[in-house]
Amino acid sequence: ARSPARHPERLRAAVLLLQGTEDPIVPPSQAVAMAEAMARAGGRFELRFLPGEGHGFRAAASIEAAMAAEERFLRRVLRLCPTGDAGGEEP
């Protein structure tokens with residue numbers, strides 16, 4: 001009953017959903033349903049799929065892609081400027 005998946009309209013923070021396409025524990029359909037519910041509620045979110053990954057990312061390329069997505073997401077949500085650029089927003 002306390003799961004954010006059951007009450008996405010209550011979420012106030014931005015959420016990054018990283019989902020393996022082969023996840024048997026949390027099927028991709030659950031991530032899609034969460035994203036759709038957040039969209040209906042006007043929430044801030046991003047959904048990214050990692051092809052061939054299950055529950056927990058194993059491939060180096062997937063781990064790198066997840067980390068890059070996390071960095072972009074945080075920079076955007078927290079309005080951080082790029083390294084070395086003290087004055088502007090990211091393009």
Most fluctuating residue given options Ala60, Ala31, Ala41, as computed from a GNM of the chain linking Cα atoms under 10 Å
Ala60
Determine the gain in length on full extension of the stretch Arg48-Gln30; use 0.36 nm per residue of separation and subtract their C-alpha separation, reporting nm with one decimal.
5.2 nm
So what's the gap between the Cα centers of segment 14-29 and segment 53-81, to the nearest angstrom?
13 Å
Given the whole protein assembly as supplied and a 1.4 Å probe, what does the accessible area of Ser29 come to in Å², nearest 10?
80 Å²
Please name whichever of Ala65, His7, Ala33 sits farthest to the positive end of the charge dipole of the chain, dipole taken about the Cα centre and charges placed at Cβ: Lys and Arg +1, Asp and Glu -1.
His7
Average accessible surface area per residue within the chain, 1.4 Å rolling probe, Å²:
71 Å²
Net charge near Gly20: determine it from the other residues with C-beta under 10 Å of the C-beta of Gly20, scoring Lys and Arg +1 and Asp and Glu -1.
-2
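The values are calculated or read from the model by the stated rules, or taken from the named source; none is laboratory data. Note that this is a predicted model, so its numbers are computed, not measured. Virtual Cβ from ideal backbone geometry, glycine too; neighbours counted across all protein chains shown. Please note that ligands, DNA and RNA were not included when accessible areas were found on the heavy atoms of the full protein model with its side chains. Shrake-Rupley method; radii C 1.70, N 1.55, O 1.52, S 1.80 Å.
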